[in-house]
Each structure stands twice: as C-alpha cells, then as structure tokens.
1. Return yes when ARG373 is part of a helix (DSSP H, G or I), assigned by TED's automatic domain parsing to the domain that holds GLY244 and charged (D, E, K, R) and no when it is not.
2. For region 75-107, give me the residue count where each residue is in contact with a Lys or Arg (Cβ under 8 Å, 6 or more places away or on another chain), under 16 Å from VAL28 (Cβ atoms) and β-branched (Val, Ile, Thr).
3. Since GLN235 meets every condition but one in (1) at pLDDT below 95; (2) farther than 19 Å from ASP403 by Cα, which condition does it not meet?
4. Six or more apart or on different chains, Cβ atoms under 6 Å: show the pairs whose first residue is in region 331-345 and in the same structural domain as THR306 (by TED's automatic domain parsing) and whose second is assigned to a helix (DSSP H, G or I) and buried (at least 18 other Cβ atoms within 10 Å of the Cβ).
5. Do we have any residue at all in region 485-499 that's more than 18 Å from GLU388 (Cβ to Cβ), modelled with pLDDT of 80 or more, under 29 Å from the mean Cα position of the chain (by Cα) and not in a helix (DSSP H, G or I)?
6. Which one of these is touching a residue at least 40 places away in the same chain (Cβ under 8 Å), hydroxyl-bearing (Ser, Thr, Tyr) and surrounded by fewer than 18 Cβ atoms within 10 Å (Cβ to Cβ): SER424, SER443, SER463, SER431?
7. So how many residues does region 229-281 have that are surrounded by fewer than 19 Cβ atoms within 10 Å (Cβ to Cβ) and among the charged types (D, E, K, R)?
8. Sort through ASP54, ASP5 and tell me the only one that's out of contact with any helix residue (DSSP H, G or I) (no Cβ under 9 Å at 6 or more places or on another chain) and either of a type outside the set (Lys, Arg) or not assigned by TED's automatic domain parsing to the domain that holds LEU472 (or both).
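The values are calculated or read from the model by the stated rules, or taken from the named source; none is laboratory data. For clarity, every value in this text was computed on a predicted model and none was experimentally measured. Here the Cβ positions follow ideal geometry from the backbone for every residue, glycine too, while neighbour counts run over all protein chains shown.
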Amino acid sequence: MTFGDIQFLWARGILETLVQTGVRCFVVSPGARSTPFVLALATKREIVVHRILDERSAGFFAVGYAKATGQTVCLVCTSGSAPAHYLPAVMEAAHSHTPLIVLSADRPLELHGNAAPQSVNQAHLFSSFSRLFVDLGTPEPGDAALRAVTRKVTQAAVAARLPEPGPVHLNAPFREPLEPSTIQTTRPKPTAAAAPQVIVPRVAGLDTETVNTLAQLIRSKTRGLIVAGPAPIGQSAYRDLIEGLARRTGFPLLTEGTSQLRFTGTRMAGRVTAFDLLLRSTEARAYLQPELVIQIGAPPVSKSLTRMLEEAPGIPRIVIAAFGWNDPQNSASIHVRADVATVCRQISTELTGPAGTSSWAEEWSRAEEAAWRFLEREFAETETWLSEATVARFIAESLRKDDILVVSNSLPVRDLDWFCRAESSCFRVVSQRGAAGIDGSISTALGVAATHTSRTTLLIGDSAFLHDVGALNIATAARVPLRIVVANNNGGRIFEKLPVAGRAEFRGLLDTWFVMPHGLNISNVARSFGVHATRVETPRDMREVLADTTLSDRPVVVEAVIDPAISKKHYGLLEEASKLAADQLRGKD
C-alpha cells in the first residue's frame, strides 16, 4: 500500500464519518492539496456536492444552505490562503449559530516555516469564531490510527451543533503523492471507519419553580410587550407557541420582518408590525412605555425600540433564547437560555388568563392603524417613480406561500421593517443578522435557493450586490430558481442617515468617504457574467416583472433604478407617520 493509498483511506474515512454524523452537503473549491478529499467525494453517491471556484462565495453559499435546511454543511478546500477566504462566512455562522464544518487540506510539517509555497500556519485560523479546532495529523497506516481520526471528526461534528451551533475547523495535512494507486482497492473497512453513535437527550425545558416565577412576574404587569427579533426559518412550532404566548398574556406582539412571525398570511389580534415607526417619536415612546418586555431570540434591528429600552433601563426585561447573550443594552433582568418554543409553551400553560389589559393592546393597535393608513395613502399618491420603499413593498406583496425572501443588510432589511405590512402575504425570511455585514449576500441566497424548489427572491442594495458580484460566476452555472432584485440607488445611501450627514462641515466628505457612488448599470454588470437581467425604472414595470410567476431554473437579476427625490420623500414619511401615531395616542383626530 502506497502512502497515497493510506491518505485516500483517511480521506474516505473522514468523509464517511461526516456522513454518518448527518452531513449531507459538501461545498468544494478546487486545489491540488485537497486531492484525497476530492477523489473520496467523487466516489460517494448519497451526498450533495456543490463545486464553487471562489472560497469566499463558497463559504457564504454553505451558510445559506445551512440556514435554509438547519443541517450542517461541510466546506472543503486546499491549503494556503484558501481557507482564509472563509473567514467572513465563518464569522456569520458563529454569530448566527449556524452549523458549519471547514475541512482544509494542509502541507505536512516538513513544508512549514521554510518558504514552501502555499504553506501557512492554518492552526486556529478562525480564532474565537470556531467552536473547535482539530488538527487531524498526517495520515498513518493501521486501523488504530483511523479509529482515532474517526473519533476526532465525530467530536468536531458534534461540536458544530452542541452545545451551541456554529463553525468548527478540521485541518488535514497531506504529503505527496496525493493520489492513490487505485481507488477500487482502498476502500476502508467498515469497522475501522464507523463513527461512534452520539446520543444527546433533549432538554425538557425549565423546572416548575422557574416557570412559576416567570409566570408570576408576567401576571404582575398589565403593560407588557413581547418582542420577536430575527429567527431561523422552518420552525412552525416556534411560531405557533410564541403567538400562543401573546394571546395568553394579552400583550402586544412586536414582530420585525425577519422574525418569521410577520408574513404569515393571516391577521392576528395584537400583532404590531409598525413598532419601529411608532417609537420614533419621543412622545409616542412615553405613551407606549411598557412595564415589562419579553424578548424572543436575537435583538431586533429596530433602533427606535433600542432607544426606548436605553431610555428606561429599569424596565424588567426577560430574554428567552436558546443561544447567545442577546442584550446589546446590557439591561436585561432575566436571561432564559433554553428552547424558545418549549419555554413559551410552559409559561402559557402556567398562565390562567390575560395579564395585559385590553386598553393597553388597543393603544398599540390604534396607533399602528393610523400610521399604516397614512403610509398607504401617501404611497398611493406618489407611485410614479421607484424608491427603496416601493421596491420592498412590491416584493412583499408579490411573494406566494412557501416562497423565501433573502434580505440583505443595510437598507433592505430595514425597508422590510419600515414599509412592508403585507398581511395577506405568506413567506419566510432569511437574513444575515449574525455579524450583520453586507458581504456574501448573493452567495447566501444561492445557497438558500439550492435547497428549495419554490422561488427564492433576494432583495439587495447595489453596494452589497457589487461587494459579492463574483458570486454571479456561481449563478451562471447554478440551476436554481433565484430572483435577485437590486435596489440601485447609486451607492451606500444608508450613510446619508448618519448624524455626520447632517453637519454642514462634513457634508462634502459624505459621497467620497461613505456613499461612494459607482455610476454602474447593474444589469450590464450581470449580463457580463452571462446572467439574464432586466432594468426597470417605474412602479408599473416593477409590478409586471414581479407578477411573472414563471419559475426559471436559473438566477435572474432585476435592477430597480431608484429615484432620489421619491426615495427622500418616502423615508421622510416615517417621521410623519410617527408624529401622527403620537397624535392618535394623545387623543387628537
């Protein structure tokens, strides 16, 4: 048996172990040092393999796939700088609790520290962002060595999911020759490569005493709020039990666009979707100040809600989340680290009747209705040119049951919150609210789309689009139903909302240093990659494009050209709507 045979045996054993622990999707980028892994993957039939040239795109593609399925995805790459390109995706996976395995090939010990090409120190490459780092060592002959590496890989696969889902890094040094003498004669013995079975009992939830304590606190407050922040898709029980808790308490349920609780296709008494604009007004925040806040999961995007919490740090706040420390204000009084659905069910069962008063819920409802009526009227009068707001609204209204909306960071995720009520629409939302960067949005959406036969739509700004434009190289070959809608406002217009933008002495620096207008035709950029693209400039054309329900098996780009004047007017409506809501609360007509 040659050394190449031994290495192939190890590579196959490693991959067999990953499959046995539940990994079904592998995202592979090309390179010579990872040859043993590539040859082993090429012989497996029961897995899904995506081949992506650029490791940065591959990383975010894997994150999107994992977010859409809830399954661990394995990235495979060569040595040198290749795994370093995964870092932004690894950061997002770490902060969003997304299970991910990086399997990097490496040069052997004798090629490190002596200027050998593509030899860098890959140990602990991802630092604190990795839940676990394991150097698998150079392959050795014998079943004992193979059993040891199988055990290490199993531990890593478990660490990607428990106790807190996230990325792990497996590093595998290989020597030349990198190929076996023959693939057919080097199959590992099943007993040598079998992964141990790992049994982890489900956490039952909270003990009775703790549930009673929480229920007693809730019962003691009549002006409570339940706030739902970003959440993963595919958790119907999660939605039902949170809505059940809201009904049982009688507290308003504040649902942001990424919470999986807003776009459900059904009306729900007590659900508040315009809370960010209601709370923009100092007067409205005073009227709507709660006695208790129950935060579900990750912190909401809303700055207005954050401001209210900062202004009244003494308000008791219960944070219920399975993972992470979700308290940017450092003011939560109780952290419940447990399964959200289970805790909501336990508390609902313990509560015998509504704690909140009907007048408290009605205050929120009246204020919200006033805000939405105002916005609807204003949009009807200004529907002549496109703005970021109208693009987001049209998309939300056009989506059908089981569709998925991937929403990019910066303005798009906020536009979804600020302008989209869409009560009759039923769709799921995937976001990048872990590290909350604009990078990798197209790649993530392609990963999401690769998991579903229904249509996936990406709402993205032009800066985020250009930041990940290399992902269109994947789109050219990918047979996935993805519609990429780019709100082209010629730069990073979110920076125009910074305090620095309002100061005359800094205004001249805004475009050069922050907005960075590009002047590009996004449709032509997409076509240069061979991607079909459509450019629209009016609301009518936008509606027609979105009304096309033909499910293409390839990604398409829709460039929505934003009118700056209409855009400025629509964002200005938010402050007006907030003042109107404050008037409603004060009792004015």
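1. On the way: part of a helix (DSSP H, G or I): yes; assigned by TED's automatic domain parsing to the domain that holds GLY244: no; charged (D, E, K, R): yes.
Answer is no for this residue.
2. 1
3. In the conditions (1) at pLDDT below 95; (2) farther than 19 Å from ASP403 by Cα, GLN235 misses (2) alone.
4. Close Cβ pairs satisfying both conditions: VAL336/VAL343; ALA341/TYR238; ALA341/LEU241; CYS344/LEU241; CYS344/ILE242; CYS344/LEU245; ARG345/LEU241.
5. Taking every residue of region 485-499 in turn, none turns out to be more than 18 Å from GLU388 (Cβ to Cβ), modelled with pLDDT of 80 or more, under 29 Å from the mean Cα position of the chain (by Cα) and not in a helix (DSSP H, G or I).
6. Unique residue meeting the criteria: SER424.
7. So the answer is 4.
8. Working: ASP54 fails: out of contact with any helix residue (DSSP H, G or I) (no Cβ under 9 Å at 6 or more places or on another chain).
When all the criteria are applied, what remains is ASP5.
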